[in-house]
Amino acid sequence: MSLEQLKHDLALVFDDNTKTVIYKNYLDCTILFLIFLSTLEVFLSTFPGVVEKYGRVLDFVDIFTTIFFTIEVALRIWTIDLVDEKYQGFWGRVRYCFSFYGLIDIVSTYSYYVNMITPLPVSTLKVLRVARLFRIFRFMKSSRLLSAAIENKSKELLVSLQFLIIVTVILSFVLFFAEHESQPEVYSNGCVPMLWAFMQYIGDPGGLGDYPPVTHIGKIIASVIGILGIAIFAVPAGLIGSGFTDEIENDRHNEKLKKDLQSMRYAFKQKQCRFTKFIRVPNHVSVTDLQAEYHLDIDDVMAVVEANPTRFRLRNLAKARPVEERPEDKLVVETFPFNRSYGCFIDRGSKVTIVAPSNSSETAIGPFSYYLAKIGGFNYISKEIDANPNYTTSYYTVKDQHANSQLEDFLGDLKSLNRGEDNWMIFFISSCGGEEPLYPTQFHYVCCCKKGDENIEGEDASILDRDLFRKAYASISETLEKEYGYTSDCQRYHNTPNAKTKIETIAGGGSTCNAFTLRINWSVTCWDMRHIAVAKTLADKFNELFEPGVEKKIPEDLTKRVKEADYGYDFYKD
């Protein structure tokens, strides 16, 4: 086992969740057992007869538990950056050492070694050792809920405390002026009534406020302070109780959310394409299927999607059909690969890069382009999520390259794949859905030329090797029509009024590589069961034309299932 793997495993042990099964939870149980054993040793050492008879056994237990916790605490500090990200680096570990549990760990363990240098009173050492019992709260779910309840209600508690202090100070001044003439030797200054008032809240254990008021006004104020003394416990108790109830509900909600997340993950079990025999993730799963098979209602689905925006998104398939067909609304859930702030980036060292700049707003084009790149061994970059979750956008047209950090990351990665004049960047977006016209052709090639420039002779064309592009267009079009009955066009239906804002031009970096867009009808990517076969055909043609002579193998995970992990894109290797 490597050092990194050991650190990772120990971090799972030290996450304070006894439900995390690692090393069969033997270590968690050992830690809890030794905490109780250490406390029992301290308890038994208070009996002189037991010490006299079993002193050596108690000393052995003391030394053994101290050595064990010394190692355990040191390892906990070492792995704390994996347990909680806020404790990264050297100073992060220092902050942990001064946190509540970190301080308990250090004080209850390392005080033993301090005693070797500077002798400490026996009673102090015993108390510090018993403090290990606080560590049990780490493993108690109720303590975490209570801590979260107090944290969530901290503002309300602070407001009530501020109100209590201000009212008490005001009443103290009134009490002073009411009692000063009657008891000048007692109420000699404003500190005395203030001390008296605050001592009433805690029962005046030291007798510091043993000088009650004697005037009528003073007694009324004393009664008001008595009522406040009740409120000082009742209000915080009510707030914490309310927060505790909220946390229990939140915990139940989170547990259900985890269960529903697993159900939605299982819904994306990889299936075999009947035409290519490739193992692939379904394009989408309908909400109706989730209701029928996994008993998830629309609220459950929405909650999971909202809580996992980098894994799932909702789509309406009606937008993948032209309006003139009057499609019915059909809500589906999509899943997608994600390893960048904007979506997915895979550099396979190829001369061909497949770019999907509109996946977050277009159905089905994402899986189509992903598998085309995977089958062909091409680089892949896709925009899967939006910087503003309430507003879907496409990166196909970019008016401001610095609009947000997500777009800057996307363009930076895209430009890094521009490696010379013999490189090809192919952009995939959808066509013929929603309010867009229904065109007679299914594949539309766009090269930043004006509509009608089917020979791509315009000066704004984003193609350097125009002869090779014309050859590729003719060859691919012929193959698609012969094998699938799909027809193609080039610059026939789509116009490019401002080529400088198009992603092909930006990616080309001023015509330093070849770039064109392939707009594909939704009838192909979303509604044709042969879409993976179509993707394979395109991948084979791209390799034949743009990267000839390069030997490539079909990835093993396309032809063989990943045992016990064949759900979604999580376990795909690229």
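The values are calculated or read from the model by the stated rules, or taken from the named source; none is laboratory data. Quick caveat: nothing in here was measured; it's all calculated off a predicted structure. Positions of Cβ are generated from backbone atoms using ideal geometry, with glycine treated the same way; all protein chains shown enter the neighbour counts. When the accessible area is computed, the model is the full protein with side chains, heavy atoms only, and any ligands, DNA or RNA have been set aside. Shrake-Rupley method; radii C 1.70, N 1.55, O 1.52, S 1.80 Å.
Set side by side, the residues LEU317, LEU296 differ, and just one is more than 27 Å from ASP557 (Cβ to Cβ), touching a Lys or Arg at 6+ places or on another chain (Cβ under 6 Å) and either at pLDDT 95 or above or open to solvent by less than 60 Å² (accessible area, probe 1.4 Å) (or both), which is LEU317. Evaluation of PHE410 against the conditions (1) part of a loop (DSSP other than H, G, I, E, B); (2) more than 27 Å from GLY458 (Cα to Cα) shows that the sole unmet condition is (1). Within the stretch 66-81, the set of residues being under 25 Å from the mean Cα position of the chain (by Cα) and either buried (at least 17 other Cβ atoms within 10 Å of the Cβ) or within 17 Å of VAL130 (Cβ to Cβ) (or both) comprises ARG76, ILE77, THR79, ILE80, ASP81.
Within the stretch 294-312, restricting attention to residues that are without any contact (Cβ under 8 Å) to a residue 60 or more places away in the chain and not in a helix (DSSP H, G or I), which residue is nearest to THR392 (Cα to Cα)? Within the stretch 294-312, the match that is nearest to THR392 (Cα to Cα) is PHE312. The residue pairs whose first member lies in the stretch 399-420 and is closer than 22 Å to ALA373 by Cα and of a type in the set (Phe, Trp, Tyr), whose second member is at pLDDT 90 or above and outside any helix (DSSP H, G or I), and whose beta carbons are closer than 7 Å, counting only pairs six or more residues apart or on different chains, are PHE410/TYR342; PHE410/LYS383. For GLU421, the stated conditions do not hold, so it cannot be described as assigned to a loop (DSSP other than H, G, I, E, B), in contact with a strand residue (DSSP E or B) (Cβ under 8 Å, 6 or more places away or on another chain), more than 26 Å from ARG348 (Cα to Cα) and open to solvent by 60 Å² or more (accessible area, probe 1.4 Å). Here LEU58 clears all of (1) of a type outside the set (Asp, Glu); (2) closer than 22 Å to LYS258 by Cβ; (3) at pLDDT 85 or above except the condition numbered (2).
Is it true that some residue in the stretch 364-384 is among the β-branched types (Val, Ile, Thr), modelled with pLDDT of 90 or more and in contact with a strand residue (DSSP E or B) (Cβ under 6 Å, 6 or more places away or on another chain)?
Yes, there is a match, as at least one residue in the stretch 364-384 is among the β-branched types (Val, Ile, Thr), modelled with pLDDT of 90 or more and in contact with a strand residue (DSSP E or B) (Cβ under 6 Å, 6 or more places away or on another chain).
When each of SER172, SER188, SER111 is tested for being at pLDDT below 80, assigned to a helix (DSSP H, G or I) and of a type outside the set (Phe, Trp, Tyr), the lone residue that passes is SER111.
Scanning the stretch 257-283 for residues that are in a helix (DSSP H, G or I) and touching a residue at least 24 places away in the same chain (Cβ under 8 Å) yields LEU257, ASP260, LEU261, SER263, MET264, ARG265, TYR266, ALA267. Number of residues in the stretch 378-415 that are within 13 Å of ILE354 (Cα to Cα), open to solvent by less than 20 Å² (accessible area, probe 1.4 Å) and not hydroxyl-bearing (Ser, Thr, Tyr) equals 5.
If you check ILE365, ILE381 for being more than 19 Å from ASN316 (Cα to Cα) and in contact with a Phe, Trp or Tyr (Cβ under 6 Å, 6 or more places away or on another chain), only one passes: ILE381. Test PHE338 against the criterion of being outside any loop (DSSP other than H, G, I, E, B) and either surrounded by fewer than 23 Cβ atoms within 10 Å (Cβ to Cβ) or without any contact (Cβ under 8 Å) to a residue 40 or more places away in the chain (or both), and give yes or no. No: the conditions fail for PHE338. Every condition in (1) at pLDDT below 95; (2) out of contact with any Lys or Arg (no Cβ under 9 Å at 6 or more places or on another chain); (3) closer than 30 Å to ALA318 by Cβ; (4) hydroxyl-bearing (Ser, Thr, Tyr) holds for SER416 except the one numbered (3).
Residues checked against (1) in contact with a strand residue (DSSP E or B) (Cβ under 8 Å, 6 or more places away or on another chain); (2) within 18 Å of GLU504 (Cβ to Cβ):
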{"site": "HIS295", "(1), (2)": "no, no"}
{"site": "ARG311", "(1), (2)": "yes, no"}
{"site": "LEU314", "(1), (2)": "yes, no"}
{"site": "LEU317", "(1), (2)": "yes, no"}
{"site": "ASN339", "(1), (2)": "yes, no"}
{"site": "ALA356", "(1), (2)": "yes, yes"}
{"site": "ASP386", "(1), (2)": "no, no"}
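The residue list LEU133, LEU195, LEU146 contains one member that is within 20 Å of PRO212 (Cα to Cα), at pLDDT below 80 and open to solvent by 50 Å² or more (accessible area, probe 1.4 Å), which is LEU195. Any residue in the stretch 460-483 that's in contact (Cβ under 8 Å) with a residue 24 or more places away in the chain: show its pairings with residues that are among the hydrophobic types (A, V, I, L, M, F, W, C) and loosely packed, with under 15 Cβ neighbours inside 10 Å at Cβ separation under 8 Å, as long as the two are six or more apart or on different chains. Nothing qualifies. Contact map, the stretch 314-334: residues that are under 23 Å from ASP386 (Cα atoms) paired with residues that are open to solvent by 80 Å² or more (accessible area, probe 1.4 Å), Cβ distance under 7 Å, separation 6+ or inter-chain. Pairs shown: ASN316/ASP329; ASN316/LYS330; LEU317/LYS330; ALA318/GLU328; ALA318/ASP329; ALA318/LYS330.
With the condition kept exactly as written, say whether any residue in the stretch 346-368 is farther than 20 Å from TRP424 by Cβ, under 26 Å from the mean Cα position of the chain (by Cα), aliphatic (A, V, I, L, M) and surrounded by fewer than 24 Cβ atoms within 10 Å (Cβ to Cβ). No: zero hits.
With the requirement that a residue be among the β-branched types (Val, Ile, Thr), modelled with pLDDT of 85 or more and either open to solvent by 50 Å² or more (accessible area, probe 1.4 Å) or in a loop (DSSP other than H, G, I, E, B) (or both), what does the stretch 444-475 give you? Can you show your working first?
We begin by selecting, within the stretch 444-475, every residue among the β-branched types (Val, Ile, Thr); these are 446, 456, 463.
Now drop any that are not modelled with pLDDT of 85 or more, which leaves 446, 463.
ILE463, the sole residue that qualifies.
Within the set TYR112, TYR26, the sole residue that is hydroxyl-bearing (Ser, Thr, Tyr) and within 19 Å of PHE134 (Cβ to Cβ) turns out to be TYR112. Residue-level check: of (1) closer than 25 Å to GLN401 by Cβ; (2) modelled with pLDDT under 90; (3) aliphatic (A, V, I, L, M); (4) touching a Phe, Trp or Tyr at 6+ places or on another chain (Cβ under 6 Å), ALA499 misses just (4).
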